[in-house]
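Take a look at the structure below.
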Amino acid sequence: MKIALVAQNATPLHPRAGSGPDRDDVGLSELTRKLAGQGHQVTVYAQKNQPDQPDQAELHAGVRIEHINAGPVPEAAGGEPGRRDDADLLERVPVFSGPLRSRWQSERPDVVHAMRWTSGLAALAAARDLGIPVVQEFRSLGVTERRVANRTDGVKADGASAARIRLEPAIGRCATAVVASNSVEVADLASLGVRRSSIRVVPLGVDTELFSPEGPVAKRNGRPRLLTAADLTQRQPLETLLRALTRVPGAELLVVGGPDEASLDSDDGYVKLAKFAATLGITDRVVFTGKVEHAAMPALLRSADLVLSTCQYEPSGSTSLQAMACGTPVIAPPVGGHVDAVVDGTTGIIIPPGRPALLAQRIRQLLAHPMLIEAYGVAAVDRVRSRYSWDRIARETIAVYDRVTAQAA
């Protein structure tokens, strides 16, 4: 099968650690590698985001990436080439989709798979009247992000966000099939008017070779270790976690995320959270690691007794899944990918968000019963290997492709 995978703002040749699009790059690389390993020809179409990116390159055996020039590369802080934001991507969709159409007219793929909403716009425009089925994967929905932002921060959408919220329902309805990251997203897609019969749940996978119970363990200092991975701009969820820590005497908390460690002091999110920790009297028990590279995460996750999430919205639950794959139980809220991934009372614990006292109680209960932590960890590893390995995710993705190509035949 010839697969055209459209990921307008991806940088799969140089995936970076972190949240949001960077995690997508790692996932894209793994998915395409597995698809090619099953005998399929994959071409990834991305927008040129750095001047030195080649027009064409081999990502893996059987996987080619084509960078499409859609205009000048933007500059980030410090004058370095930066990733494009939604407003810029949306503006360049026509310039990006034109070359896609030309390529597909001369070398027709069997199926097109679009990652995120602007890629979907470009893919649908390029495939129009060519009879090529288009599979859309949003990874995250604007309407859901808006709902959470309004509930927690009262944030108003900018122009690009408003356009996204208006266009995503149309993209979902026009696509031949829609891949949802989790079962909660299915309900949100249906509320936008997307046919349930066209939706299939295929979650983000986990590299179960890299993330496993066996391997190096980061150095510990004798304290019970809690770990969370979060965007430092999400103050309310992290403040909930810091409040909970005040009720767990002796435990330390590693906060993974944000800029490089050397740049933390100039990061507004870090400064505010560090001050908040100081007011709670727990500065000596909170460690902000800054950004951690993808390959270094397993050792950190193995070193933790528990991995915690207090997020209001997490489509994939990727860090929780990686922790489970390393044999570390998770305590998380019933949102996004956690709803499917964490089996309450078996692989971890599900609790409502914004409940620091309850969170602290659950942490203390688990820390007091190491055998229970171990049992949860064993079950967590089994859960991830059976449901979230990239081999299985690739098979389920191919099943979606088979279905839409059969419909188009």
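The values are calculated or read from the model by the stated rules, or taken from the named source; none is laboratory data. Worth saying up front: this structure is predicted, and the values here are computed from it rather than measured. Note that we place each Cβ from the backbone using ideal geometry, even for glycine, and neighbour counts take in every protein chain shown. Side chains included, ligands, DNA and RNA excluded: accessible areas come from the protein's heavy atoms. Shrake-Rupley method; radii C 1.70, N 1.55, O 1.52, S 1.80 Å.
What is the ratio of the Cα radius of gyration of the chain to 2.2 N^0.38 Å, where N is its residue count, to two decimals? Display every interim value, and only then the final one.
Details: Rg = 21.4 Å, N = 409, 2.2 N^0.38 = 21.6 Å.
For the chain, the normalised Cα radius of gyration comes out at 0.99.
Which of the listed residues, PRO54, ALA10, THR405, is farthest toward the dipole's positive end in the chain, when Lys, Arg count +1 and Asp, Glu count -1 at the beta-carbon?
Projecting each Cα onto the dipole axis, the largest value belongs to THR405.
Principal axis extents for the stretch 279-351, Cα atoms only, whole Å, descending order, please.
Principal-axis extents of the Cα atoms in the stretch 279-351, largest first: 34, 31, 21 Å.
Name the residue from TYR270, LEU280, LEU227 whose Cα lies farthest towards the positive end of the charge dipole of the stretch 200-287, charges +1 on Cβ of Lys and Arg and -1 on Cβ of Asp and Glu.
LEU280
Project the alpha carbons of the stretch 108-251 onto their principal axes and report the range along each, largest first, in whole Å.
Extents along the principal axes, in whole Å: 64, 41, 24.
Normalised by the empirical 2.2 N^0.38 Å for globular proteins, what value does the Cα Rg of the stretch 334-384 take?
Working: Rg = 11.3 Å, N = 51, 2.2 N^0.38 = 9.8 Å.
After normalising by residue count via 2.2 N^0.38 Å, the value is 1.16.
Can you say what percent of the DSSP beta bridges in the chain, counting only those with both residues inside, are antiparallel? Round to 5. Don't skip to the answer; put the middle values down first.
Values: 5 of 48 bridges.
Beta bridges within the chain, antiparallel portion: roughly 10 percent.
Of the peptides 176-188, 268-280, 211-223, how do they stack up when ordered by the mean number of other Cβ atoms within 10 Å, highest first?
On the way: 176-188: 20.8, 268-280: 15.8, 211-223: 12.8.
In decreasing order of mean packing, 176-188, 268-280, 211-223 become 176-188, 268-280, 211-223.
Rounded to two decimals, what is Rg over Rh for the stretch 229-368 when you use alpha-carbon atoms and the Kirkwood radius? Walk me through the numbers on the way to the answer.
Numbers: Rg = 14.1 Å, Rh = 15.1 Å.
A ratio of 0.93.
Set the Förster distance to 45 Å, then compute FRET efficiency between ASP265 and ALA409 from the Cβ-Cβ distance, nearest 0.05. Intermediate results must be reported in sequence, preceding the final value.
Values: r = 60 Å, r/R0 = 1.32.
For R0 = 45 Å, the calculated efficiency reads 0.15.
How do 98-104, 374-380 rank on mean C-beta neighbours within 10 Å, highest first? Show your work: numbers first, answer last.
On the way: 98-104: 16.7, 374-380: 19.3.
Packing order, densest peptide first, comes out as 374-380, 98-104.
List the equivalent ellipsoid semi-axes of the stretch 313-359 in whole Å, largest first, each obtained as the square root of 5λ for an eigenvalue λ of the Cα gyration tensor. Write down the numbers at each step before the final one.
Details: eigenvalues 52, 31, 16 Å².
Semi-axes (√(5λ), whole Å): 16, 13, 9.
Ignoring ligands, DNA and RNA, what percent of the accessible area of the chain is carbon or sulfur (1.4 Å)? Walk me through the numbers before you get to the answer.
Numbers: 8720 of 17170 Å².
Percent of accessible area from carbon and sulfur atoms in the chain: 51.
Given Cβ point charges of +1 (Lys, Arg) and -1 (Asp, Glu) and nothing else, what value in debye, to the nearest 20, does the dipole of the chain about its Cα centre take?
Working: 47 positive and 46 negative charges, 219 e Å.
The dipole magnitude comes to about 1060 debye.
Provide, for the chain, the number of lysine pairs with alpha carbons under 25 Å apart, each pair being eight or more places apart or on different chains. Spell out each step's value before the answer.
Details: LYS2/LYS34; LYS2/LYS48; LYS34/LYS48; LYS48/LYS291; LYS156/LYS272; LYS219/LYS291; LYS272/LYS291; LYS275/LYS291.
Taking the Cα cut-off of 25 Å, the pair count is 8.
Averaged per residue, what accessible area in Å² does the chain show with a 1.4 Å probe, protein chains only? Mind showing how you got there, number by number?
On the way: 17170 Å² over 409 residues.
With the other protein chains kept in place, the chain gives 42 Å² per residue.
So how strong a dipole does the stretch 92-234 carry about its Cα centre when Lys and Arg Cβ are +1 and Asp and Glu Cβ are -1, to the nearest 20 debye? Mind dumping the intermediate values first?
Numbers: 21 positive and 14 negative charges, 71 e Å.
With only Lys, Arg, Asp and Glu charged at Cβ, the dipole is about 340 debye.
Given 10 Å bins starting at zero, what is the percent of C-alpha pairs of the stretch 180-306 in each, up to the one with the largest pair distance?
P(r) for the stretch 180-306, in whole percents per bin: 11, 32, 28, 20, 8, 1.
Starting with the highest mean, order 287-294, 342-349 by the number of other Cβ atoms within 10 Å, averaged over the residues of each peptide.
Details: 287-294: 16.8, 342-349: 19.4.
Per-residue Cβ counts within 10 Å, averaged per peptide and sorted highest first, yield 342-349, 287-294.
What do the square roots of 5 times the Cα gyration tensor eigenvalues come to for the stretch 316-409, in whole Å, largest first, as semi-axes of the equivalent ellipsoid?
Numbers: eigenvalues 214, 47, 12 Å².
For the stretch 316-409, the semi-axes come out at 33, 15, 8 Å.
Per residue, what volume in Å³ does the convex hull of the Cα atoms of the stretch 82-121 enclose? Before the final figure, lay out each step's value.
Working: hull volume 3.2 nm³, N = 40.
Normalising the Cα hull of the stretch 82-121 by residue number yields 79 Å³.
Per 10 Å bin, what percent of the C-alpha pairs of the stretch 214-281 does each bin hold, from zero upward?
Values per bin, smallest distances first: 18, 49, 29, 4.
Compactness ratio of the stretch 175-233: Cα Rg over 2.2 N^0.38 Å, N = residue count?
Working: Rg = 18.8 Å, N = 59, 2.2 N^0.38 = 10.4 Å.
Scaled against compact globular proteins, the figure is 1.81.
Suppose only helical runs count, i.e. DSSP H with n ≥ 4. What mean residue ellipticity at 222 nm does that imply for the chain under -39500 (n - 2.57) per run, divided by all residues and rounded to the nearest 500 deg cm²/dmol? Write out the running numbers ahead of the final one.
Values: 15 runs with 176 residues, N = 409.
Rounded to the nearest 500, it is -13500 deg cm²/dmol.
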